[in-house]
Every structure is written in C-alpha cells, then in structure tokens.
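Read the figures in this text as sums done on the coordinates, not as results from a lab. This one's a predicted model, so the numbers in the text were calculated from it and none came from an experiment. Please note: Cβ atoms are built from the backbone with ideal geometry, for glycine as well, and neighbour counts cover all protein chains shown.
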Ligand code: UDP
C-alpha cells in the first residue's frame, strides 16, 4: 500500500508543488487547507499535472475539535508535512495574536494528534528568518539563531522549539524542520505557481505583476547596502527544487535514517544574488521591459544572507538543480498563464 501523507496548506504555493512531487513519487496525499490564502482550483491543476487528484478537506488546523475529528476519521496517515500558516511579515506586526494563535496552535494540535494516533513523522516549514542578519556568511546549521525581527519570524523559531521538545519527550515522534531561503519560480507546466492576494510583498511576484502591467513600477528597496552593487542579497531557490527536498525529508523519516529525533536543514542553493542582479536577469531571459526605481530601504530587511548547503547536500543527498535563469523564466511563464498573456 502507498504511504499516506497529510499535507497541510497543500493548496498554497510551496504546498501545491510538494503535493505534485509526492504524487509523482507514488505517495497518496490528503490535503487540509482552509483556503484562506489559496484557491480550490489548485486541485484541478495538480490533477492535470500528475493525473491524480489529491484528497482534500477544508478547515483551519487551529480548531482543536476539527483537527481531532480529522485524525479520528483518518487512521492511516504515515507522515505530515505542515505548511499551513500565516506568512506576511508586515501583517504579523499589526496582528501578533492572530499570528501566534494560528501558527502555534495549529502545530500543537497536530503534534497532540500525532501522539494520540501514532503518526510518527513530521516535516515542518521553517525559514532562514530564524538566523536574522548573521555575522558570518554563508550560514550553516550551526550558525546561532537570532531573536526574531517580527511575530511571524518568532512563530517559526518557537515552532522549531516546540517540535524539538516534543520529539525529545516522545520516543516515537520524529520531526525535520526545513529552513527555506527565498523560494521563487513555478512548476514548468505553468499550471501552478505563486498567486498572492492583493499587492505582493515578495520580490518576484512583484516583478512578474509589473511586467504583466498590473503594477506601474518595481521599487527596489535600498542600494546603499554593503554588497557588490549596493542592493540586498538573498539565496533564491526554485520552488520545485524546494518541493523535492520535502520528499527527501519524508523518505528519511519513513526509513528512519535521521540522526536525532529532531533535525533541521538549510534549504537553499548556496548562491547569493542581489536584487539588481535578479531584476536584470529577469529582463534578459524573458525579453520584457520592467520599470524600476531605487527607493529607501524597507524596514526590517536584512542586508545579505545565503546558505551553506554542505550539510543538507551530504545528509539528505539533496541539491538544488535549477538555475536562476530557468527559474525566472518559469515565474514569467506562470504569470503569463494566469493573466492570459501570449
Ligand atoms: N524587494 C524589493 N522590492 C520589492 C520587494 C522586495 O526591492 O517590491 C527586495 C527586498 O528588500 C529584499 C529582496 O527583495 O532585499 C527579497 O525580498 P522578499 O520580500 O521577496 O523576501 P525576504 O528576503 O524579505 O523574505
């Protein structure tokens, strides 16, 4: 029998790409999502890509009763990948309680039911935000975490701690946190991708929407950083590469190759690109015009960060494969598909 994976937040950006890779590898998937930041049509797209429609249930995992009832009705789950969370940094500053309640309570409800129903494995979406601005680059897994800059960032740090403590306290529970760098791009089919509600906060969706004519111009936040061209540097990872890292982590848990009950890995490419380099690459590979203007720094932004991926490469046997060029092509192909641009 196929192993069954519960993917929370499975209709979202990273979740949907991961469901595709899981189904391609022969896993059965059940998605739980409240559709607060994604749409049900994603299921059609996943079915088109993989030939298989994942099971789906709509509810919010911070609801303890509904989460408990879900596990009562699904006794054959082998592992959970937990994506479902609020993720807007700025909004988390305005609405801290909503962020803590949604992100932390949903994790605790899942862990509680893992114990009750003997679901031994969880992969969790963490973020390089837990490193803040590191003193030394690139960051390894032993780079110390820094106090979070936002309630959102703090939910990731606290979630890691909860998983560590819970898996240490329960012999049969194992968890892996994947610390994502900056996920961008879309599936090569252009059938799934990032579709933010309202004005995008993130760089690549803002770029593709500007190229598509939905926004007047891109604002580049700051050109006075201590970087080669003065714009901020990030490690941009293709979302399909990132999705595949989840499948690898699931296989590690299912085959009990982990070294400790709780493990965490950097998931990036190991390469840092500046905002300006990314913008220029986007224009070049896609042959489009893009109006942009340099403005002041954005509050809370860090100057530069990129991953040391040695440990993830060695321990997981996983490596990012796609180039920035093909990733930015895929981002534009997706935006064109969404906006019906030829
Ligand atoms: N950025 C920008 N203009 C935008 C959005 C983002 O110049 O409209 C910059 C931002 O300042 C950062 C980089 O692009 O240096 C990546 O930002 P994003 O919000 O995508 O990810 P973050 O690293 O902040 O989580």
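Structure above, values below:
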{"read-out": "Whole-angstrom gap from the stretch 146-212 to the stretch 271-322, using each part's C-alpha centre", "value": "16"}
{"read-out": "Paramagnetic reach from residue 140 (point 7 Å along Cα→Cβ, amide N under 14 Å) across the stretch 244-283", "value": "266"}
{"read-out": "Using a Förster distance of 22 Å, the FRET efficiency for residue 219-residue 342 (Cβ separation, nearest 0.05)", "value": "0.20"}
{"read-out": "Kirkwood hydrodynamic radius over Cα pairs of the chain, then Stokes diffusion coefficient at 25 °C and 0.890 mPa s, in µm²/s", "value": "120"}
{"read-out": "Model label zone, residue 25; criterion: amide N under 14 Å from point 7 Å along Cα-to-beta-carbon; scope the stretch 105-126", "value": "122-124"}
{"read-out": "Mean projection area, nm², convex hull over Cα of the stretch 94-160", "value": "5.3"}
{"read-out": "Antiparallel content of DSSP bridges confined to the chain, in %, to 5", "value": "5"}
{"read-out": "FRET efficiency, 1/(1 + (r/R0)^6) with R0 25 Å, evaluated for residue 165 and residue 257 via beta carbons", "value": "0.65"}
{"read-out": "Rh (Kirkwood; distinct C-alpha pairs) - the stretch 1-120, Å", "value": "14.7"}
{"read-out": "Linear extension gain, residue 63 paired with residue 50, 0.36 nm per residue minus alpha-carbon span", "value": "1.6 nm"}
{"read-out": "Where labels lie 7 Å past Cα in the beta-carbon direction, separation of residue 315 and residue 280 in nm", "value": "3.6"}
{"read-out": "Rough spin-label spacing in nm, given labels placed 7 Å along Cα→Cβ, for residue 94 and residue 325", "value": "4.1"}
